[in-house]
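Chemist: Please read through the structure below; I'll follow up with questions.
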Ligand code: NI
Ligand code: MN
């Protein structure tokens with residue numbers, strides 16, 4: 001039996017995954033995140049995963065990494081930027097590449113979006129990420145438009161959970177995210193990247209209803225709530 005894996009929705013696209021001794025943050029936008037219910041100083045990760053450099057994803061990553069010594073895993077140009085900013089353990093990977101880390105396997109996928117640092121420096125391509133932790137496959141899409149290759153992700157990797165943006169404006173909106181769920185066929189989908197700011201205000205219940213009308217399972221988490229993959 002796989003051991004418990006707990007995901008906590010920090011808000012926006014920020015997640016904490018705890019499995020055994022591993023404490024992983026994805027896109028830890030906490031300070032200045034109007035939906036966050038915790039403080040950055042309460043986070044003590046072993047690893048931080050970044051999908052791209054935009055401020056609402058990079059968030060507190062540099063400060064948290066410096067304080068905790070966490071290993072930060074991101075794309076090549078973003079990893080170089082983090083090193084220049086003083087992050088000691090910065091790992092830069094390429095899209096399509098995978099690696100076995102202490103917590104499990106991580107593979108970066110494509111994402112149709114952009115990536116730049118808060119100072120405007122361009123940081124190459126953005127990414128999504130597939131994590132295999134304790135036998136469970138989790139896909140965090142990052143910021144992305146709908147893309148047909150999500151079919152390939154779903155065919156190649158049986159997903160226990162997909163975390164998909166639904167807020168429109170910067171990423172997929174509800175209807176495109178519903179199609180993404182068809183392509184990915186995860187056991188469960190949880191929406192993210194909505195209602196944090198006025199341009200991305202949508203009704204997650206509309207997403208849930210449309211996914212379930214298609215035979216899928218969607219769950220909505222409020223910031224601060226957790227989901228356990230038992
Ligand atoms: Ni972005
Ligand atoms: Mn974003």
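Chemist: Output the qualifying pairs, or none if there are none: Cβ atoms under 7 angstrom, residues six or more apart or on different chains, first residue in the range 48-60 and free of Cβ contacts under 8 Å to residues at least 60 places away in the same chain and closer than 24 Å to residue 97 by Cβ, second residue in a helix (DSSP H, G or I) and within 8 Å of ligand 1 (Cβ to nearest atom).
Modeler: The qualifying pairs are 50/57.
Chemist: Could you grab me the full set of residues in the range 46-75 that are within 11 Å of ligand 1 (Cβ to nearest atom) and outside any loop (DSSP other than H, G, I, E, B)?
Modeler: Result: 55, 56, 57, 58.
Chemist: Let me ask something additional. Check off (1) free of Cβ contacts under 8 Å to residues at least 60 places away in the same chain; (2) more than 16 Å from ligand 2 (Cβ to nearest atom) for residue 229 and give me the number that stays unchecked.
Modeler: (1)
Chemist: What number goes with the only condition from (1) under 17 Å from the mean Cα position of the chain (by Cα); (2) within 16 Å of ligand 2 (Cβ to nearest atom) that residue 23 does not pass?
Modeler: Condition not satisfied by residue 23: (2).
Chemist: Suppose we keep only residues that are farther than 14 Å from residue 83 by Cβ and in contact with a helix residue (DSSP H, G or I) (Cβ under 7 Å, 6 or more places away or on another chain) within the range 33-51. Which one would you say is farthest from ligand 2 (Cβ to nearest atom)?
Modeler: 44
Chemist: Give the range 3-33 a look and list any residue that's farther than 28 Å from residue 95 by Cα and in contact with a strand residue (DSSP E or B) (Cβ under 8 Å, 6 or more places away or on another chain), or say none.
Modeler: 3, 4
Chemist: Could you count how many residues in the range 160-181 are surrounded by 23 or more Cβ atoms within 10 Å (Cβ to Cβ) and in a loop (DSSP other than H, G, I, E, B)?
Modeler: 4
Chemist: Would you mind telling me which numbered condition in (1) under 24 Å from residue 136 (Cβ atoms); (2) within 15 Å of ligand 2 (Cβ to nearest atom) residue 196 fails?
Modeler: (1)
Chemist: Just checking, how many residues over the range 98-123 are out of contact with any strand residue (DSSP E or B) (no Cβ under 6 Å at 6 or more places or on another chain) and farther than 21 Å from residue 23 by Cβ?
Modeler: The number of residues fulfilling the criteria is 10.
Chemist: Scan the range 200-218 and tell me whether some residue there is closer than 23 Å to residue 53 by Cβ, in a loop (DSSP other than H, G, I, E, B), within 16 Å of ligand 2 (Cβ to nearest atom) and in contact with a helix residue (DSSP H, G or I) (Cβ under 7 Å, 6 or more places away or on another chain).
Modeler: no
Chemist: Continuing with this model, one more query. Scan the range 102-159 for residues that are part of a strand (DSSP E or B), in contact (Cβ under 8 Å) with a residue 60 or more places away in the chain, closer than 21 Å to residue 190 by Cβ and within 16 Å of ligand 1 (Cβ to nearest atom) and jot them down.
Modeler: Within the range 102-159, 127, 128, 129, 140 qualify.
Here, each number is a calculation from the coordinates, and none is a lab measurement. If you're wondering where the values come from, they're calculated on a predicted model, not measured in any experiment. No Cβ is skipped: glycine too gets one built from the backbone with ideal geometry, and neighbour counts run over all protein chains shown.
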